[in-house]
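Everything below concerns the one structure shown next.
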Amino acid sequence: MATRAFEIKIKDADINAIRKTFKNMDQIAQDDMNRAANQIAVEAASAVGSALQATPQGQAIARSIKVSTGSKTPFFTVGGSTVKLKNGTPVGAIALGVEFGSYQDRPRKRKGKSTDYVGYRQFQPRSPREGRGNAGYFIFPTLKALQPEITKRWVQEVDRIRREWRERI
């Protein structure tokens with residue numbers, strides 16, 4: 001039997017409508033949705049953390065990943081100011097440079113001095129353009145590959161919880 005692959009696309013307005021619907025459900029349904037979204041976010045954050053292990057800077061950024069426990073949608077943050085590098089720099093200050101790279105050939109001023117200092121060499125070269133931005137090296141490609149599975153699992157959990165809730169009322 002042949003099967004066709006398909007992609008589930010959900011608009012932000014639909015996600016917000018689903019989240020508002022959960023506010024009208026009982027506490028059991030809300031807690032179930034929080035747990036399901038948290039589990040999906042933990043798995044996605046783990047995959048992103050694994051991708052970031054490729055560089056020492058990425059390893060520091062991977063330690064800064066935090067999963068939200070109170071969200072009804074899979075949500076996690078990367079970066080911030082609590083995790084620091086050995087020199088005291090917060091990983092949030094370098095997260096975008098590690099993810100997207102930097103221009104290596106552009107002269108820039110360093111603390112108001114001459115422009116003979118070129119680029120930000122501690123990062124990889126700027127990642128290639130993709131769509132309205134850049135492709136990225138670690139976080140964005142990983143999430144782009146996981147997005148269909150994340151969306152599919154989240155929709156399945158919403159549907160399961162909705163069915164269980166309807167049986168209770």
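Once the Cα-Cα distance is subtracted from the 0.36 nm per residue extended length, the ASP14 to ARG166 segment shows a gain of 52.7 nm.
Hey, could you get me the Stokes-Einstein D for segment 26-168, Kirkwood radius over alpha-carbon pairs, 4 °C and 1.567 mPa s, rounded to whole µm² s⁻¹?
Values: Rh = 17.4 Å.
Estimated via Stokes-Einstein, D reaches 75 µm²/s.
Remark: spin-label model distance LYS152-ALA135 equals 2.4 nm, labels positioned 7 Å along the Cα→Cβ axis. Spacing of the modelled spin labels on GLN30 and VAL83, each 7 Å from Cα toward Cβ, amounts to 3.1 nm.
Can you give the net charge of the other residues whose Cβ lies under 14 Å from the Cβ of THR69, counting K and R as +1 and D and E as -1?
Once positives and negatives cancel, what remains is +1.
Over 32 Å apart at the Cα level, from the set LYS23/LYS84; LYS23/LYS86; LYS20/LYS86; LYS23/LYS152; LYS20/LYS84, are LYS23/LYS84; LYS23/LYS86; LYS20/LYS86; LYS20/LYS84.
Each value in this text was obtained by applying a stated rule to the coordinates, not by laboratory testing. This structure is a prediction, so every number in the text was calculated from the model and none was measured. Heads up, the Cβs are rebuilt from the backbone with ideal geometry, glycines too, and the neighbour counts pull from every protein chain shown.
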